[in-house]
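The values are calculated or read from the model by the stated rules, or taken from the named source; none is laboratory data. Everything numeric here is computed off the predicted structure, so don't read it as measured data. Because the Cβ atoms are built from the backbone with ideal geometry, glycine has one as well, and the counts that use them run over all protein chains shown. Only protein heavy atoms, including side chains, enter the accessible area calculation; ligands, DNA and RNA are left aside. Shrake-Rupley method; radii C 1.70, N 1.55, O 1.52, S 1.80 Å.
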Amino acid sequence: MPKTLLSLLVILISLNLNAQSIKDSLQENSRPKIGLVLSGGGAKGFAHIGVLKVLEKLNMPIDYISGTSMGSIIGAFYAMGYSANEIEKLVLSQDWEELLTDKVSRKYIHVKDKHDLDRYVISFPIKPKGIQIPAGIVKGQNIINLFDRYTIEYHNKTDFRKFPIPFICIATDLEKGDAVVLDKGNISEALRASMAIPTVFTPIEIDGKLLADGGMVNNFPVEEVIKMGADIVIGVDVQTGPRSKDQLNSIEDIINQAISLMGKREFVKNRKLCDIYIKPNIKGYSMASFQKADSLIKRGEQIPQEQILELKQIISKYQLTKTQNQNYPYTTDSTKFFINNLVLNGLKHVRKSTLLGKLDIETKTWTSLKNIQKGINRAYGSRYFDKVNFQLKGTLEKTLVINVTERNSNRFNVGMHYDDDNKASVLLNTTFQNKIQDGSSLSLDLKLSENPRFTATYNLDNGLKPGYQFKLDINDSEVFAFEDNEKVGSFDLKYLKLDANLHSTFRESYSIGFGGKMEFYRVSTNIKNTITDDHFKDYYFTYYAFINMDSHDKGYYPKKGFSLYGEYKLITNNGSTLDGNEKPGSVAYLRAKQAIAFSNRLTLYPQFFGRVVWGRDIPEVFQTYTGGQDQTNYFDIQVPFIGLRRMELASSNSFIFRTDIQFELFKNNYLILKPNVGKIVEDINSALTKGRWIKGIGITYSYNSLVGPMEVTFGLSDIETKVRGFINLGYWF
C-alpha cells in the first residue's frame, strides 16, 4: 500500500510539473519578443556592458541581438552565454594597447629576428606592381585570437541564430558598398569583419566578399532585429554623430565623421523603429578610449530614470521574466583537449614542416589551451604569416584546424637614426623570403650616412636541425684617434667580410653556431694634417664559434629577461699564421645583460662587456676600443663606456661593468642613471695586478616614441672632468 501511494504521489508531482512547464511555454510563446540592438562606436561600445548590467538587474529577457562593430562583439558574447559581469571582467583584464596591434610577445620571435624588429620605422610589402601601402595599419592577429580563445565552445556551431540568444552582426561589402548580414560561419571571423574600421584594420574576406566595418552602411541594425522576430526593440546607441568642422582635428575625428555621414540616413530610419532608445552619456570619450573601459562601463549603467521606468512598464505590462540564466561553459589556459587530428589550411610557399615545428603540437594525445596558444604565437612570431588562428572541431576527440594567411614575404623597410657620433643615417632594407629554398630569407641592407655600409645576408633556419647563413658585409667608417683626451686625427677604416656559418636554434631565444670569415681591411690615416694613404691593408681568415641568447621582453627599456652574446674568434693570415708568427691570434668577446624589475616603474639593468685579445703582433684592426654609447653590432671592436667618447681608449683587453637604474616617470618616458666602472689591460696575464681602472657615470632622459628612442645623455668620467652631452634619435642600426 505505501508503495502504491508513493507511486501515485510521484505521478501527480510529475503531471503538475509538466502542466507548469506547458503553461510557462505558452506564456513564453505568447509574450512579445524583445530585441536588443547595439551600435558601433569603438571603445565607446564598452558602455554597452553597463546597459546590459542594468537590463540584468531588471530581469529583462532578451530574445534576439543584432550589433555592429564593437556592438557586435559585446552582443555576440552575451548571446553565447556570457553574463554582463563576465564580459566586464574579460574587457578589464585585457591589455588593449597590445591587443589592438599585431605585436606578439618578443619571446616567440626568433633570436635572429629580434634585432631586426627594433630597426625599422616603416615597412611595406613588395608586390608584382611594386611597393604598396598596406590595406590597413593592423591585420588583427591578436584580436582574432582573443575571439578564438573565448569562443571555443562555439567553434562547432556555425549558425549564429541557434546561439542561446539568436544573434546577427553587420559588415560592409567593400566591392559593392552593401550591408552584409553575418549570421553563420566562423564567429571569430564574423566579429573581426564587423569591426574592421577602414585604414585602421585590414578588411577580411568571407565567402568571396571583402568585408569591413558595418558602421559605414548600418551602424544601428534595428530593422534586422525586427526581421529576426523582435516585437519590442531596445536600441543602445554609443555613436558620437557628425561633428562640426571645428571639431575635426585628428585622423580619428575624420574617420569617425566619415563613418557617421555614410550611415546617417540608415541610422535615422532605424532610430524611429526603436521602442526604447538608450543613449549613454559618453561625452569626452572617443572611439580610441580603450584605456578608459572601466569608466565607460559605469557611464553605461547610468541610464536616465525615465528609461528605467519605461523598461519596468514593459516588464510589468507583459509580465516578462527571464526564464534562464546566462551560462557560458568556461575554458581556462589549463583546460586540456584530446587532439585526434591536425589540419593546416592556407599553406602555399611555407613548408608544412616549418609550420608544424613552430606549432609543436602532437596528435593522438592531450594538450592544453595554453600550449595551443603558444604554438600559434610561435608560428606568428616566425614572420612567415600575416594571420594564424585556430578552431577546435569535434566533441570529445578534437580536430585542431590551423588557418594561416602567408605573409607577402617580400618587404621594403626603412629605418632612420641620428646620433652625435654617426650623424644622420637612413637604413634601406629589402627582405625576400623563400627565394632559393623554402624557409630561407635574403636580406639586403644599405646604410646611407657619413659612414656608409652594405650588408647582404642569406639565411636558412631549421630550428634544432642545423641551418646555415652566408653574409657579405662592406663598411666605410671614420674612427677618431685620441691622445691626452684630445682628438689628434682620424682613421678611414674600410672593410669587406665574407662570412659563412652553421647554427641551431632552441625555442626561438637561444642560438649556437660556428663558422668562418674572410676579412679584408684597408686603413688610411689623417693625423695632424698629415695624410698617409694605404697606411694599412691586409686580409685574414678567421674562424669562430658563438652563442646568442635573448629573452628580454622588450628590445629597448626591458623590465625582465636576460641576453647574452659570446664569441671566440681565431685569427689567421693565409689560413695558418699571423704576420709571420707561428701562432695565430685570438679574440674572445662577451656581452651579458639582465633586467630586474623592482616595480612597474623601477628596473635595475646590470650589464657586462668584456673583450680579450691575445697573440703576438695583433693588428690594430683587431684591438679593443673602449668608449661611447654605440649599440650597433656590426662594429665588433668597440666596447661601450658611458662618460667616454666613442672608441676613445685603445687597448688589448677591456672589462666593463655597468648598472642602469631605469625609472619610468610616466608612460614611455624614462630617467636612467648609468654608472659604470671598467679596467683596461694590455697583457691579459697581468689583468689582476696591472691595468688601468676607469670610472664614469651618465644620466639619460628618454622618450620611447613610435620611431624609436629619443634620448639626451650627459656623461662624466675620471679620464677628464668635462661633462659631455650626447643625443640619440631613433632605433639603432
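Might you check whether a residue that is surrounded by fewer than 19 Cβ atoms within 10 Å (Cβ to Cβ) and more than 29 Å from Ile131 (Cα to Cα) occurs anywhere in the stretch 403-414?
Checked against the condition, which is being surrounded by fewer than 19 Cβ atoms within 10 Å (Cβ to Cβ) and more than 29 Å from Ile131 (Cα to Cα), the stretch 403-414 yields no hits at all.
State which residue pairs qualify: first residue within 22 Å of Gly136 (Cα to Cα) and inside the stretch 88-116, second residue part of a loop (DSSP other than H, G, I, E, B) and open to solvent by 20 Å² or more (accessible area, probe 1.4 Å) in any location, beta carbons under 6 Å apart, and separation of 6 or more residues or different chains.
From residues that are within 22 Å of Gly136 (Cα to Cα), the pairs are Asp102/Lys139.
Being among the acidic types (Asp, Glu), touching a residue at least 40 places away in the same chain (Cβ under 8 Å), open to solvent by 30 Å² or more (accessible area, probe 1.4 Å) and closer than 24 Å to Glu189 by Cα: is that true of Asp333 here? Steps first, answer last, please.
Working: among the acidic types (Asp, Glu): yes; touching a residue at least 40 places away in the same chain (Cβ under 8 Å): yes; open to solvent by 30 Å² or more (accessible area, probe 1.4 Å): yes; closer than 24 Å to Glu189 by Cα: yes.
Taking the combined requirement at face value, the residue satisfies it.
Being open to solvent by 10 Å² or more (accessible area, probe 1.4 Å), modelled with pLDDT of 90 or more and assigned to a loop (DSSP other than H, G, I, E, B) is the filter here; which residues of the stretch 622-636 pass it?
Gln623
Residues to consider are Gly40, Gly71; find the one that is among the small types (Gly, Ala, Ser) and part of a loop (DSSP other than H, G, I, E, B).
Being among the small types (Gly, Ala, Ser) and part of a loop (DSSP other than H, G, I, E, B) holds for just one of Gly40, Gly71, which is Gly40.
All but one of (1) buried (at least 20 other Cβ atoms within 10 Å of the Cβ); (2) touching a Ser or Thr at 6+ places or on another chain (Cβ under 9 Å); (3) farther than 22 Å from Ala456 by Cβ hold for Ala135; which doesn't?
That leaves (1) as the condition not met.
Could you please give the count of residues in the stretch 639-660 that are of a type outside the set (Asp, Glu) and within 35 Å of the chain's Cα centre (by Cα)?
Number satisfying all stated conditions: 10.
Looking at the stretch 102-142, which of its residues are part of a helix (DSSP H, G or I) and over 15 Å from the mean Cα position of the chain (by Cα)? Spell out the reasoning first.
To start, the set of residues in the stretch 102-142 that are part of a helix (DSSP H, G or I) comprises 106-108, 111-117, 141-142.
Val111, Lys112 - these are the residues of the stretch 102-142 that are part of a helix (DSSP H, G or I) and over 15 Å from the mean Cα position of the chain (by Cα).
With Thr395, Thr430, Thr405 as the choices, which residue is under 23 Å from Phe337 (Cα atoms), in contact (Cβ under 8 Å) with a residue 40 or more places away in the chain and of a type in the set (Ser, Thr, Tyr)?
Just a single option satisfies the conditions, and that option is Thr395.
Quick one: would you say Ser509 is out of contact with any Lys or Arg (no Cβ under 7 Å at 6 or more places or on another chain), within 28 Å of Asn389 (Cβ to Cβ), of a type in the set (Ser, Thr, Tyr) and surrounded by 15 or more Cβ atoms within 10 Å (Cβ to Cβ)?
no
Would you confirm, using the coordinates I've provided, whether Ile315 is more than 35 Å from the chain's Cα centre (by Cα), closer than 21 Å to Asp237 by Cβ, modelled with pLDDT of 90 or more and open to solvent by less than 50 Å² (accessible area, probe 1.4 Å)?
In short, no.
Where in the stretch 410-501 are there strands (runs of 3 or more DSSP E), lying wholly inside it, with at least 1 residues that are over 26 Å from His349 (Cβ atoms) and among the β-branched types (Val, Ile, Thr)?
The strands (runs of 3 or more DSSP E) meeting that bar are 423-433, 465-483.
Return the pair list, or none, for Cβ contacts closer than 8 Å from residues in the stretch 216-240 that are free of Cβ contacts under 8 Å to residues at least 60 places away in the same chain to residues that are buried (at least 23 other Cβ atoms within 10 Å of the Cβ) and in a helix (DSSP H, G or I), at least 6 apart or on different chains.
Met216/Ile259; Glu223/Asn270
Within the stretch 163-184, which residues are open to solvent by 30 Å² or more (accessible area, probe 1.4 Å), closer than 23 Å to Ala230 by Cβ and of a type in the set (Gly, Ala, Ser)?
Selection gives Ala179 alone.
Among the residues of the stretch 205-223 satisfying the criterion of being surrounded by fewer than 24 Cβ atoms within 10 Å (Cβ to Cβ) and in contact with a Gly (Cβ under 9 Å, 6 or more places away or on another chain), which is nearest to Met80 (Cα to Cα)?
Filtering the stretch 205-223 for residues that are surrounded by fewer than 24 Cβ atoms within 10 Å (Cβ to Cβ) and in contact with a Gly (Cβ under 9 Å, 6 or more places away or on another chain), the one nearest to Met80 (Cα to Cα) comes out as Ile206.
Quick grid of which residues meet (1) in contact with an Asp or Glu (Cβ under 6 Å, 6 or more places away or on another chain); (2) assigned to a strand (DSSP E or B); (3) touching a residue at least 24 places away in the same chain (Cβ under 8 Å); (4) not basic (Lys, Arg):
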{"residue": "Thr367", "(1), (2), (3), (4)": "no, yes, yes, yes"}
{"residue": "Lys370", "(1), (2), (3), (4)": "yes, no, yes, no"}
{"residue": "Arg378", "(1), (2), (3), (4)": "no, no, yes, no"}
{"residue": "Lys387", "(1), (2), (3), (4)": "no, yes, yes, no"}
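Working only within the stretch 449-489, note down all residues that are under 30 Å from Leu355 (Cα atoms) and surrounded by fewer than 14 Cβ atoms within 10 Å (Cβ to Cβ).
Those that are under 30 Å from Leu355 (Cα atoms) and surrounded by fewer than 14 Cβ atoms within 10 Å (Cβ to Cβ): Leu464, Lys465.
Working only within the stretch 705-722, note down all residues that are assigned to a strand (DSSP E or B) and either at pLDDT 95 or above or buried (at least 17 other Cβ atoms within 10 Å of the Cβ) (or both).
Gly708, Pro709, Met710, Glu711, Val712, Thr713, Phe714, Gly715, Leu716, Ser717
Yes or no: Asp636 more than 29 Å from Leu602 (Cβ to Cβ) and within 33 Å of the chain's Cα centre (by Cα)?
In short, yes.
Every residue, every condition in (1) in a loop (DSSP other than H, G, I, E, B); (2) more than 27 Å from Lys227 (Cα to Cα), yes or no:
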site: Cys274; (1), (2): yes, no
site: Tyr285; (1), (2): yes, yes
site: Asp294; (1), (2): no, yes
site: Ile297; (1), (2): no, yes
site: Gly300; (1), (2): no, no
site: Glu310; (1), (2): no, no
site: Ser316; (1), (2): no, no
site: Thr321; (1), (2): yes, no
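Give the residue that is nearest to Phe124 (Cα to Cα), with candidates limited to residues of the stretch 435-448 that are open to solvent by 30 Å² or more (accessible area, probe 1.4 Å) and not aliphatic (A, V, I, L, M).
Across the stretch 435-448, the extreme among qualifying residues is Lys435.
Here are some residues: Leu688, Leu673, Leu729, Leu706. Which one is farther than 22 Å from Asp630 by Cβ and under 36 Å from the mean Cα position of the chain (by Cα)? Can you show your working first?
Values: Leu688 fails: under 36 Å from the mean Cα position of the chain (by Cα); Leu673 fails: farther than 22 Å from Asp630 by Cβ; Leu729 fails: farther than 22 Å from Asp630 by Cβ.
After applying the criteria, what remains is Leu706.
Tell me which residues, restricted to the stretch 644-661, are of a type in the set (D, E, K, R) and in a strand (DSSP E or B).
Applying the first criterion (of a type in the set (D, E, K, R)) to the stretch 644-661 yields 645-646, 648, 658, 660.
Across the stretch 644-661, the qualifying residues are Arg658, Asp660.
Of the residues that sit in the stretch 632-647 and are in contact with a strand residue (DSSP E or B) (Cβ under 6 Å, 6 or more places away or on another chain) and among the hydrophobic types (A, V, I, L, M, F, W, C), which one is nearest to Asn422 (Cα to Cα)?
The extreme case among them is Met647.
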